[in-house]
Amino acid sequence: MKQLIATAIFFIGVPVFVVSSCAQSPVNTFPDRQWWKEAVVYQIYPRSFKDSDGDGIGDLQGIISKLDYLKSLGIDVVWLNPIYESPNDDNGYDISDYRNIMKDFGTMEDFDALLKGMHQRHIKLVMDLVVNHTSDEHDWFKQSKSSRNNAYRNYYHWWNAEKGTPAYRWSFFDVQHDAWKFDTATNAYYLHYFSRKQPDLNWENPQVRKEVHDIMKFWADKGIDGFRMDAFQFVAKDTTFPPLPQGYEKNIIQYYGMAPGLHDYIKEMYSEVFSKYPLMTVAEGSGSTFEDAHNLVDPERHELNMAYPFEGIDLASDPKGYSLLTFKKVFSRWDSAFARKGWLSIFLANHDNARMVSRYGNDTPAFREASSKMLTTFLMTMRGTPYYYNGDELGMINIKFSSINDYRDVQTINGYKNVKDNGGDTLQYLALQQYASRDNARTPFQWDATANAGFTSGRPWINVNPDYTNVNESAQTNDPNSVLNYFRKAVALRKRNPVLVYGKYTLLEKNNPAVYAYTREGGGKKILVVLNFTAQPATVKTGISTGGAKILLCNYSIPSKDSQLRPYEAIVYQLKY
Ligand code: NOJ
């Protein structure tokens, strides 16, 4: 007799009970199914997505005008980069009011309409929560810096100058990489791991934590579906600020990440917020060991839903390229470390890295499309929750600015000043930025071939990539062979096949330097994925017969036969089982 099992699934925050048959359906063969594991997350960089009012800056009404486009992608969740009030030293990652919308982006009414429009289309919304630091223009900081006795003084980290110069702390964005800024008003230094306009909050202060919980509840009460917690692994700090070994910044995560206290803060957040709302939670970064990452997401610990490790995204930091053997090793190690417990994100791009195809694929005209599709195949067939960055579904590439004046990113601009001030080679620096600058991924979304790619009727806040006449949504949407439609097909394939979400992953041909091949297996299905990561034909010998297999997806109109793959060819087979 077939056993009937009732499974609780959260659907738009409401538990729905699905009755399914154990013997016939794969539904119950995968333990602990969750909507956030099955979701495909699409990241929107709001400043560059769509401008509705001609000021050259993307906004909420712009996103609203593209809701049907989002729906057409088949994605389930949108992660929206910060949209809160901000002076924009770091494009919204410097928040001056957590309960208001940045004027450039619109109003709270626009936000409510956006959320409603997403939910009507069964798309969930994950907001960025930036609470390692605030803006120096936040009222808390203005108060804090006003006097040593101010009630907000301990909201931030201050070092009184009479104690001497504080031990060196490295800053990501400061021109001299100095994370201590002296403030004459109270004769003290404040700490800023990022720019001077991003002072770090003092999480040891329970009042700070309570403020953060209240902010989270404010947005959760509005009905949002999750938080992506920015730089969260850095919030706990040894506030005695002891000296650190010389050169420690080369292993910054080891020194700044996951300090004692962090898990207590997350557990407290769980009991105050996460346990009360059906939220998806992901913290940026996950420490420097598997153990660190596990401890964040082990379901028994009641902390977060999924880890967002950097090892994969850091592999392509050298313009000379990366080794596929290392790439395979890294993704396979992470998969096996989480095979039994915990959950991962899978991504190759975001707003902090240059374009996916320019880093991991090949952005030359001959291979841009094939390699974009191949990378999409990888993301949509791995275990974990895929995070896909806006514009990658068109195969958008690095803009490769040649002048520092074209850049808008505080990291690139301050990095340039640093090189200049220290007598370094600015031309070499600019050459590196053409490959690495975050602004490469922040150029406006290319909607069509009209002026400014249809992004704005005004002057865009950052230049549009001139290839927009060729690479744009309008040209691709009705072309069955476009990168865009390939993305839609790959998303749909994942949605139809829970085995791609949960199934066992097995790496094949580990030592093949050109081809990444693996199987995903479970729920009565076995899927084989073969990906040529090079611009040359490659051979793949998995030892698995594809005779009688069904081809589920391929980025060439006719898939290769036998063991030969064309440049950047990707094939997904459903094997006879
Ligand atoms: C990580 C964010 O992703 C990045 O864009 C930002 O600059 C820093 N955190 C500081 O908030």
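The values are calculated or read from the model by the stated rules, or taken from the named source; none is laboratory data. This structure is a prediction, so every number in the text was calculated from the model and none was measured. Neighbour counts run over all protein chains shown; Cβ positions are idealised from the backbone, glycine included. Surface areas here come from the heavy atoms of the whole protein model, side chains and all, with no ligands, DNA or RNA. Shrake-Rupley method; radii C 1.70, N 1.55, O 1.52, S 1.80 Å.
When only residues in segment 178-232 that are open to solvent by less than 30 Å² (accessible area, probe 1.4 Å), outside any strand (DSSP E or B) and hydroxyl-bearing (Ser, Thr, Tyr) count, which is nearest to Ile95 (Cα to Cα)? If we take residues in segment 178-232 being open to solvent by less than 30 Å² (accessible area, probe 1.4 Å), outside any strand (DSSP E or B) and hydroxyl-bearing (Ser, Thr, Tyr), then Ser195 is nearest to Ile95 (Cα to Cα).
Each row is one residue, and each column tells you yes or no for (1) open to solvent by less than 10 Å² (accessible area, probe 1.4 Å); (2) within 22 Å of Val40 (Cβ to Cβ).
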{"site": "Asn452", "(1), (2)": "no, no"}
{"site": "Ser482", "(1), (2)": "yes, yes"}
{"site": "Phe487", "(1), (2)": "yes, yes"}
{"site": "Leu493", "(1), (2)": "yes, yes"}
{"site": "Pro498", "(1), (2)": "no, yes"}
{"site": "Pro513", "(1), (2)": "no, no"}
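Checked against (1) farther than 25 Å from Phe367 by Cβ; (2) open to solvent by 50 Å² or more (accessible area, probe 1.4 Å); (3) not in a strand (DSSP E or B), Glu521 meets all criteria but (3).
Each residue in segment 278-316 was checked for being in a loop (DSSP other than H, G, I, E, B) and either touching a His at 6+ places or on another chain (Cβ under 9 Å) or on the phi < 0 side of the Ramachandran plot (or both), and 15 pass. Looking only at residues of segment 225-267 that are out of contact with any Lys or Arg (no Cβ under 8 Å at 6 or more places or on another chain), of a type in the set (Asp, Glu) and within 30 Å of Lys124 (Cβ to Cβ), we find that the one that is farthest from the ligand (Cβ to nearest atom) is Asp264.
Evaluation of Gln446 against the conditions (1) open to solvent by less than 20 Å² (accessible area, probe 1.4 Å); (2) more than 19 Å from Asn350 (Cα to Cα); (3) out of contact with any Ser or Thr (no Cβ under 7 Å at 6 or more places or on another chain); (4) of a type in the set (S, T, N, Q) shows that the sole unmet condition is (2).
Screening segment 98-129 for residues that are assigned to a strand (DSSP E or B) and within 16 Å of the ligand (Cβ to nearest atom) and picking the one that is nearest to Met306 (Cα to Cα) gives Val126. Selection of segment 417-434 for residues being open to solvent by less than 40 Å² (accessible area, probe 1.4 Å) and either within 16 Å of the ligand (Cβ to nearest atom) or in contact with a helix residue (DSSP H, G or I) (Cβ under 7 Å, 6 or more places away or on another chain) (or both) yields Val419, Thr426, Tyr429, Leu430, Gln433. Scanning segment 400-414 for residues that are in contact (Cβ under 8 Å) with a residue 40 or more places away in the chain, within 13 Å of the ligand (Cβ to nearest atom) and either out of contact with any helix residue (DSSP H, G or I) (no Cβ under 9 Å at 6 or more places or on another chain) or not polar (S, T, N, Q) (or both) gives Arg408, Asp409, Val410, Asn414. Of the residues Glu521, Glu509, Glu473, the single one that is at positive phi and among the charged types (D, E, K, R) is Glu509. Only one entry of Val330, Val282 meets the criterion of being under 22 Å from Gln254 (Cβ atoms), buried (at least 16 other Cβ atoms within 10 Å of the Cβ) and more than 16 Å from the ligand (Cβ to nearest atom), and that entry is Val330. Based on this model, can you work out whether Gln411 counts as buried (at least 23 other Cβ atoms within 10 Å of the Cβ), among the polar types (S, T, N, Q) and touching an Asp or Glu at 6+ places or on another chain (Cβ under 9 Å)? No, not satisfied. For segment 158-177, a tally of residues being open to solvent by less than 40 Å² (accessible area, probe 1.4 Å) and within 16 Å of the ligand (Cβ to nearest atom) returns 5.
Total residues in segment 460-501 satisfying the condition of being farther than 17 Å from Thr381 by Cβ and part of a helix (DSSP H, G or I): the figure is 11. I'd like the residue in segment 233-250 that is surrounded by 13 or more Cβ atoms within 10 Å (Cβ to Cβ) and among the hydroxyl-bearing types (Ser, Thr, Tyr) and, out of all such residues, is nearest to Val175 (Cα to Cα). This residue is Tyr248.
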